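A single structure is presented below for examination.
The values are calculated or read from the model by the stated rules, or taken from the named source; none is laboratory data. Just so we're clear, the structure is a prediction, and the values are computed from it rather than from any experiment. As a convention, Cβ positions derive from the backbone with ideal geometry for all residues, glycine included, and neighbour counts pool all protein chains shown. The protein model used for the area step is the full one, side chains on, heavy atoms only, and it has no ligands, DNA or RNA in it. Shrake-Rupley method; radii C 1.70, N 1.55, O 1.52, S 1.80 Å.
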Amino acid sequence: MTKLHCYVHVPFCRERCSYCDFFLVTRQDLLGRFFSALHSESSERLAALRGSTVHSVHFGGGTPSSVPVAYLKNWFETLSRHVSLSDDAEITLEANPEDLTNEKLQELAALGVNRLSIGVQSFIPEKLRALGRLHSAEEALRVTDDAMKLLGNVSVDLICGVEGEDPDIWERDLYTAISRGLPHVSVYMLTLEKKTRLENLVRRGLVTLPDESVQADMYMMACELLEAEGFKHYEVSNFSKPGFFSRYNLGCWQRESYLGFGPSAHSFLVSGDHELRSANVSSMIRYMTSPYEAQEYCEMLSCAERINEKIFLSLRLSSGLELVDLMRYHDGSSVVVENVDQLKKQGLIEIRDGVIKVSRKGFLFADRVAEELLPAWKRD
């Protein structure tokens, strides 16, 4: 098996943000039942991997920082009964600023959390109001600084393309993040997800977002400013100082094995030539009622699916895709050469030392680039 990582979906939030379509619940009264089910699912699935070593654990959500640390501690005890953590395992917890008091930060550090991914979204008051976030700009700054002092390994999420935002506001956000000495920043363009409150407001003409070209310019600004400050743009949305890449996320993009626990969590296990992908039910009631039957689907990937994934995920990363591998996937077809040449002329890819890499501009169209390079007979 490749390196093993774990993802734990903690689906609790104080409230749902207007732009969010993640699986979550706001009923805190379900905490006890949920973690009991999580213990049951985790025990059964980890028992099958007894003796394995886990290289990273990522608590996502939802908002894992909103739950008492004791629940997370109990899950770690379940984990340790079946597998071990590598000596340098990265333990990441996604958090919101309003949850991170000094006491909570100390508890998390004592638990073994050594990396925080903070959903700041913005350090600008008017942007936070437009996004409907529960924390203030002052809280975002305080929490970021406190987390940096305690852990050092801290990432913040920033969103661009908010109602009323212009390039000057976005530049202020970026420079504020840079000034905190952060080693990792994730940049997202605000997207309209179906059936969200924001999508409904935009459709009714009650909210107007900057158009796509303005968002694209903001994204390019982020690339330029962060790279000038020593950040490596290692994935479409992620920028890191040397040695501070997200191990869990990078492991997923590089198609290493990961186990997902909790409702809506996904798993991917590699064993020799076999690759197995599965997903849990997206229903809190079904998950808590039958945690031993949490898996909603499971499939062995075909050769074509594995190649498609390899191309798509490799081209999201700055490390790119070996040209010789792409030619092999196409059985030497001349079509791929023509497609590569066209993408180069459009400024979307570069070829360095035999590796196809998406350009800065190309990161905006990474999925389209990948689609152009899929072997025709392997496309769905």
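Quick check, is Ser282 surrounded by fewer than 21 Cβ atoms within 10 Å (Cβ to Cβ) and touching a residue at least 24 places away in the same chain (Cβ under 8 Å)?
It is true that Ser282 is surrounded by fewer than 21 Cβ atoms within 10 Å (Cβ to Cβ) and touching a residue at least 24 places away in the same chain (Cβ under 8 Å).
OK, next. When you look at Val358, is it in contact (Cβ under 8 Å) with a residue 24 or more places away in the chain and open to solvent by less than 20 Å² (accessible area, probe 1.4 Å), yes or no?
The answer is yes for Val358.
Aliphatic (A, V, I, L, M), open to solvent by less than 30 Å² (accessible area, probe 1.4 Å), within 29 Å of Ser86 (Cα to Cα) and over 15 Å from the mean Cα position of the chain (by Cα), is that true of Val185?
Criteria not met by Val185.
Just to be sure before I move on: is Val162 open to solvent by less than 10 Å² (accessible area, probe 1.4 Å), over 14 Å from Ala177 (Cβ atoms) and β-branched (Val, Ile, Thr) in the structure I sent?
Criteria met by Val162.
Okay, next question. Can you find even one residue in region 178-189 that is charged (D, E, K, R) and over 22 Å from Ala137 (Cα atoms)?
no
Related question: So, of the residues in region 313-325 that are in a helix (DSSP H, G or I) and either at pLDDT 95 or above or open to solvent by less than 60 Å² (accessible area, probe 1.4 Å) (or both), which turns out to be nearest to Asn249 (Cα to Cα)?
It comes out as Leu313.
Any idea which of Val281, Val270 is of a type in the set (Val, Ile, Thr) and within 30 Å of Leu31 (Cα to Cα)?
Answer to the selection: Val281.
Same structure again: When you check Asn102 against the structure, is it in contact (Cβ under 8 Å) with a residue 40 or more places away in the chain and either more than 28 Å from Leu259 (Cβ to Cβ) or open to solvent by 30 Å² or more (accessible area, probe 1.4 Å) (or both), yes or no?
For Asn102, the condition - in contact (Cβ under 8 Å) with a residue 40 or more places away in the chain and either more than 28 Å from Leu259 (Cβ to Cβ) or open to solvent by 30 Å² or more (accessible area, probe 1.4 Å) (or both) - is met.
Pull out all pairs, ordered by first then second residue, where Cβ-Cβ is under 6 Å, the residues are six or more apart or on different chains, the first lies in region 293-313 and is within 17 Å of Gly260 (Cα to Cα), and the second is open to solvent by less than 50 Å² (accessible area, probe 1.4 Å) and acidic (Asp, Glu).
Final answer for the pair search is Ala294/Glu41.
Follow-up. Only one residue in Ser66, Ser18 is in contact with a strand residue (DSSP E or B) (Cβ under 9 Å, 6 or more places away or on another chain) and on the phi < 0 side of the Ramachandran plot, so which one is that?
The conditions single out Ser66.
Tell me yes or no: at least one residue of region 76-83 is more than 30 Å from Asn200 (Cβ to Cβ), among the small types (Gly, Ala, Ser) and part of a strand (DSSP E or B).
Scanning region 76-83 turns up no residue that is more than 30 Å from Asn200 (Cβ to Cβ), among the small types (Gly, Ala, Ser) and part of a strand (DSSP E or B).
On the basis of being over 20 Å from Ser267 (Cα atoms) and surrounded by 18 or more Cβ atoms within 10 Å (Cβ to Cβ), does Tyr7 make the cut?
No, not satisfied.
Yes/no per residue for (1) among the small types (Gly, Ala, Ser); (2) open to solvent by less than 20 Å² (accessible area, probe 1.4 Å); (3) outside any strand (DSSP E or B):
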{"position": "Met327", "(1), (2), (3)": "no, no, yes"}
{"position": "Asp331", "(1), (2), (3)": "no, no, yes"}
{"position": "Val340", "(1), (2), (3)": "no, yes, yes"}
{"position": "Gly347", "(1), (2), (3)": "yes, no, yes"}
{"position": "Ala366", "(1), (2), (3)": "yes, yes, yes"}
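To continue, here is another question. Could you tell me whether region 312-330 includes any residue that is within 23 Å of Val54 (Cβ to Cβ) and either among the basic types (Lys, Arg) or out of contact with any His (no Cβ under 9 Å at 6 or more places or on another chain) (or both)?
Yes, that holds for at least one residue.
In addition: Which of (1) farther than 30 Å from Glu103 by Cβ; (2) under 23 Å from the mean Cα position of the chain (by Cα); (3) not hydroxyl-bearing (Ser, Thr, Tyr) does Leu131 not meet, given it meets every other one?
Tallying (1) farther than 30 Å from Glu103 by Cβ; (2) under 23 Å from the mean Cα position of the chain (by Cα); (3) not hydroxyl-bearing (Ser, Thr, Tyr), Leu131 fails exactly one: (1).
Would you mind stating whether Leu72 is on the phi < 0 side of the Ramachandran plot, assigned to a helix (DSSP H, G or I) and open to solvent by less than 50 Å² (accessible area, probe 1.4 Å)?
Spelling it out, Leu72 is indeed on the phi < 0 side of the Ramachandran plot, assigned to a helix (DSSP H, G or I) and open to solvent by less than 50 Å² (accessible area, probe 1.4 Å).
Something else: Of the residues Tyr297, Tyr219, Tyr287, Tyr258, which is at pLDDT below 95 and either in contact with a helix residue (DSSP H, G or I) (Cβ under 6 Å, 6 or more places away or on another chain) or aromatic (Phe, Trp, Tyr) (or both)?
Tyr297
Follow-up question, since we're still on this one. Kindly provide the set of residues from region 285-306 that are open to solvent by less than 60 Å² (accessible area, probe 1.4 Å) and either outside any helix (DSSP H, G or I) or in contact with a Leu (Cβ under 8 Å, 6 or more places away or on another chain) (or both), ordered by number.
Met288, Ser290, Pro291, Ala294, Leu301, Ser302
While we're here: Scan region 24-45 and tell me whether some residue there is open to solvent by less than 50 Å² (accessible area, probe 1.4 Å), over 16 Å from Ser283 (Cα atoms) and within 19 Å of the chain's Cα centre (by Cα).
No, the conditions are met nowhere in region 24-45.
Which one of these does His58 not meet: (1) within 27 Å of Gly161 (Cβ to Cβ); (2) in contact (Cβ under 8 Å) with a residue 60 or more places away in the chain; (3) open to solvent by 40 Å² or more (accessible area, probe 1.4 Å)?
For His58, the exception is condition (3).
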